[in-house]
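This report concerns only the one structure given below.
The values are calculated or read from the model by the stated rules, or taken from the named source; none is laboratory data. Only a predicted model underlies this, so the values are computations on that prediction, with no experimental measurement involved. We work out accessible area using only protein heavy atoms, side chains counted, and drop any ligands, DNA or RNA first. Shrake-Rupley method; radii C 1.70, N 1.55, O 1.52, S 1.80 Å.
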Amino acid sequence: MTDFEFDPTRPKWEQIADTLRERIRSGEYPPRRLISEVRLEAEFGVARVTVRKATAALREEGLIITTPGMGSFVADRS
């Protein structure tokens with residue numbers, strides 16, 4: 001569980017996506033870093049489906065890529 005405090009007026013998946021987006025843009029999560037759904041579930045104390053909604057949003061933005069059988073990774077900056 002984390003000390004992360006969710007804003008009750010916004011969906012949790014959006015807030016997780018915002019946090020991950022900032023980590024990617026700041027370089028805290030460098031290109032090709034694995035985005036572990038299991039770790040994110042534990043960090044934010046949410047269900048896997050919530051994490052998947054957040055990663056789907058980042059995938060649509062081109063910030064992460066998902067390779068079947070391997071996982072999701074931070075996309076290379078171009």
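For the chain, the solvent-accessible area works out to 65 Å² per residue, with a probe of 1.4 Å and every protein chain left in place. Note on the chain: GNM, Cα springs under 10 Å; of Gly62, Gly45, Gly27, the largest mean-square fluctuation is that of Gly27. Between the amide H of Ile35 and those of Ser72, Phe73, Val74, distances stay under 5 Å, these residues lying 5 or more places away or on another chain, with hydrogens modeled in the peptide plane. Relative contact order for the range 35-78: 33 percent, from Cα pairs under 8 Å spaced at least 6 residues apart, divided by residue count. For the chain, the relative contact order comes to 36 percent (Cα pairs under 8 Å, sequence separation of at least 6). If you look at the Cα atoms of the chain, you get an Rg and a Dmax of 12.0, 35 Å.
Over 17 Å, how big is the tail of the calculated P(r) for the range 1-45, in percent of all Cα pairs? Distances greater than 17 Å cover 35 percent of the Cα pairs.
Axis angle, to the nearest 10 degrees, between helix 48-60 and the longest C-alpha principal axis of the chain: 40 degrees.
Overall, the accessible surface of the range 1-75 at a probe of 1.4 angstrom is composed of carbon and sulfur to the extent of 52 percent. The angle between the Cα long axis of helix 12-26 and the longest principal axis of the Cα atoms of the chain comes to about 40 degrees, rounded to the nearest 10.
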